[in-house]
Amino acid sequence: MGAAAKLLLAAFLAVGAARAQEQKPVPKGTRRVSIPGCVKGYVFTAVERTTDEAGSVNVPEGTHIRMNGPRTLIREIDAHKGSVVVITGIMKEGQFAPDGIGIGGRVRIAPPAQPGGLGNPIANQLLIDVEGWRPGSGNCPS
């Protein structure tokens, strides 16, 4: 291979690597977040933030978040059950602020979702559109 061909190949690879690292623009009313936690299927459970795995948003420990994304990506993340992973994705603004008043531990008191009813447990579910993940430090609580 000639010098010109090698130079052309190197330039092509550099442009491809730069495009692979580009992130999609964040839609209005949403935010790109990184959250450390544990996974089981499509359910992600936030763990306590540490200085090593600080995350980008304050999500209370034990918060369950439903992951949306390609099956191959979710399976890849799910293969790391028992270990902390940090997922990165898009969430709606204000979605990660818990309702009600914290009275200690993970206990919160909040008004009913519907007057006189029990509410819909799926309607208030937190969602994240997963874009990627990386290994975190530590093990998941059992």
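Every number in this text was worked out from the coordinates using simple rules, so none of it is lab data. As the structure is a computational prediction, the values presented were derived from the model and not from experiment. As a convention, Cβ positions derive from the backbone with ideal geometry for all residues, glycine included, and neighbour counts pool all protein chains shown.
A compact table of results
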| quantity | calculated |
| --- | --- |
| Inter-probe distance in nm under a simple model that places probes 7 Å from Cα toward Cβ, at ARG75 and GLU61 | 3.4 |
| Listed peptides 35-44, 70-79 by packing density, highest first (mean Cβ within 10 Å) | 35-44, 70-79 |
